[in-house]
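Student: The structure is given below, and queries will be raised subsequently.
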Amino acid sequence: MDQSMEQSVVAGVEGRAGTILMNRPRALNALDTGMIAGFAEAIARFRDDPAVALVIVEGAGGRAFCAGGDVRAIRDAALRGDAAEIEAFFTSEYAVNRAIAEFPKPWISLIDGVCMGGGIGVSVHGSHRVVTEHALLAMPETAIALFPDVGTSYSLPRLPGGAGGAMGKFLALTGARLRGPQAVEAGLATHYVPRERLPALRAALLEGDASVVDRFIQAVPPDGLESQRAAIERCFAGETIGDILAALEAEGTDWAREQTAILRRMSPTSMVVSLGLLRRGAALDLPGCLEMELRLTRAVTRHPDFAEGVRAVLVDKDNAPRWTPPTIEEIDPAAIRAMFGA
Ligand code: QUE
């Protein structure tokens, strides 16, 4: 069937579960305006329906839970100077993120593929983030000169372990991709269930008792994040990008050189903005974080790095962005403060 005939969000009631299927598989279920409206409607309906005991969120197509937001459309709007469309998109997306955090019933995401950016936003504020060995979670926004949004300025500074929110800074700045087990270790995900057990888990959840998830979990196999944790905490606890680069230099390992190379490819403006965002987010509640993020979208989508980053990664795919300014060393702290509106 022609995909245009299908709904991009399919919501329904099965047994005692409200189910939400993100259904734009050719775009890896990246959230567009219509899908966000679909979430908002489903949330309102499931919240007030006494027949619904819990909600299950899934991605169609077998490859992705949700790859992010429809950033190509946002770039087009930015290039047209259509600030109203950009404002409408982020306002409605962040309202959904907040409504999920405030949702009074279990909100259970079954993450069996790519889950980045906007996908994190529709899962991380819920009660259960179930991941499989095929899950891949990340906040990759510094590569396209956005910043960790969808309420992750609240979540990332609160990930367990380590003074100074090192894990959150590491994930936000490098865009590190975490496999399912690593995502549980980091605290982004809550339960590890092998893919082969997901159909049985889903069937059991339709009876309306979220605690059945515990019958399907498997011990998290060691998957490399724990072995990086000490180095992450040594290198990413710093207050500034300069501190972090200096700590990576002092670390002197192949891992540290790799992280330095990754950071050197990201938008310098976006890295400084992201670090400032996480520092401020650590002291705000979720609504305060979402308001801060919304204010920041106005300045960040106007900055030339955003259109250039989306061009390099998603439009031309040359992965050769030309950032303005090109290096961390050339960043003007006053220009960053101005982007926060303070
Ligand atoms: C950084 C990002 C995003 C990204 C890649 C990055 C992002 C995003 C997408 C994406 C992927 C597939 C799609 C799509 C968007 O990729 O936010 O529409 O089909 O949404 O390196 O922040």
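Every number in this text was worked out from the coordinates using simple rules, so none of it is lab data. This is a predicted model, so every value here is computed, not measured. As a convention, Cβ positions derive from the backbone with ideal geometry for all residues, glycine included, and neighbour counts pool all protein chains shown.
Student: Taking the chain as the reference, fit the longest principal axis to its C-alpha atoms, fit the long axis of helix 241-251 to the helix C-alpha atoms, and give the angle between the two in degrees, 0 to 90, nearest 10.
Tutor: Here the helix axis deviates by roughly 90 degrees.
Student: Continuing with the same structure: Would you calculate a helix-derived [θ] at 222 nm for the chain, using -39,500 (n - 2.57) for each DSSP H run of n ≥ 4 and dividing by the full residue count, to the nearest 500?
Tutor: Working: 15 runs with 156 residues, N = 342.
-13500 deg cm²/dmol, from helical runs alone.
Student: Take the alpha-carbon centre of segment 15-34, take the same for segment 163-240, and report the distance between them in whole Å.
Tutor: Value for the Cα centre distance between the two parts: 22 Å.
Student: If you don't mind, another one. Does segment 74-122 come out rounded, prolate or oblate, given a ≥ b ≥ c as the square roots of the eigenvalues of its C-alpha gyration tensor, rounded meaning a/c under 1.5 and, failing that, prolate meaning a/b above b/c?
Tutor: Values: a/c = 5.92, a/b = 1.77, b/c = 3.34.
Oblate, because a/c is 1.5 or more while a/b does not exceed b/c.
Student: How much length is gained on full extension from Leu314 to Glu226, taking 0.36 nm per residue of separation minus their Cα-Cα distance? Please report the intermediate quantities before stating the final value.
Tutor: Details: separation 88, 0.36 × 88 = 31.68 nm, distance 3.16 nm.
28.5 nm is the gain from fully extending Leu314 to Glu226.
Student: Between Thr327 and Glu258, 0.36 nm times their residue separation minus their Cα-Cα distance comes to what?
Tutor: Details: separation 69, 0.36 × 69 = 24.84 nm, distance 1.74 nm.
That works out to 23.1 nm of additional length.
Student: Let me ask something additional. Grab the Cα-Cα distance for Arg177 and Arg45, subtract it from 0.36 nm times how many residues apart they are, and report the gain in nm with one decimal.
Tutor: Details: separation 132, 0.36 × 132 = 47.52 nm, distance 3.37 nm.
That pair, Arg177 and Arg45, stretches by 44.1 nm at full extension.
Student: Which order do Ser211, Ser155, Ser92 fall in if you start with the one that has the fewest other Cβ atoms within 10 Å? Let's see the in-between values first.
Tutor: Working: Ser211 7, Ser155 25, Ser92 15.
So the residues, fewest neighbours to most, are Ser211, Ser92, Ser155.
Student: Still on this model: Could you work out which residue, out of Gly119, Gly34, Gly175, moves most in a Gaussian network model of the chain, that is, has the largest mean-square fluctuation with Cα springs under 10 Å?
Tutor: Between Gly119, Gly34, Gly175, it is Gly34 that shows the largest mean-square fluctuation.
Student: Report the residue, chosen from Ala99, Ala230, Ala189, that carries the largest GNM mean-square fluctuation when the chain is represented by alpha-carbon nodes joined by springs under 10 Å.
Tutor: For the chain, modelled as a Gaussian network with Cα springs under 10 Å, the answer is Ala230.
Student: For helix 71-80, what angle does its Cα long axis make with the longest principal axis of the chain, in degrees from 0 to 90 and rounded to 10?
Tutor: Here the helix axis deviates by roughly 60 degrees.
Student: Determine ³J(HN,Hα), in whole Hz, for all residues of segment 326-334 in sequence, where each value follows from phi through the Karplus function 6.51 cos²θ - 1.76 cosθ + 1.60 and θ = phi - 60°; x replaces Gly and Pro.
Tutor: Taking θ as phi minus 60°, the curve returns x, 10, 4, 4, 8, 5, 9, x, 5 Hz for segment 326-334.
Student: In nm, to one decimal, how far is the modelled label at Phe340 from the one at Arg295, with both set 7 Å along Cα→Cβ?
Tutor: It works out to 0.9 nm between the two label points.
Student: Assigning unit charges at the beta carbon (Lys, Arg +1; Asp, Glu -1) and nothing else, what dipole magnitude in debye, to the nearest 20, does segment 67-185 show about its Cα centre? Could the numbers behind the result be given before it?
Tutor: Values: 10 positive and 12 negative charges, 66 e Å.
Dipole magnitude for segment 67-185 comes out near 320 debye.
Student: Mind checking the angle between helix 83-101 and the chain's longest principal axis? C-alpha axes, 0 to 90 degrees, to the nearest 10.
Tutor: Long axis of 83-101 versus the principal axis of the chain: about 60 degrees.
Student: Oh, and also: With the crude spin-label approximation of a point 7 Å out along Cα→Cβ, what separation in nm comes out for Glu196 versus Glu85?
Tutor: 4.7
Student: Over the chain, with a Gaussian network built from C-alpha contacts below 10 Å, which listed residue (Asp70, Asp305, Asp209) shows the highest mean-square fluctuation?
Tutor: Among Asp70, Asp305, Asp209, the largest GNM mean-square fluctuation belongs to Asp209.
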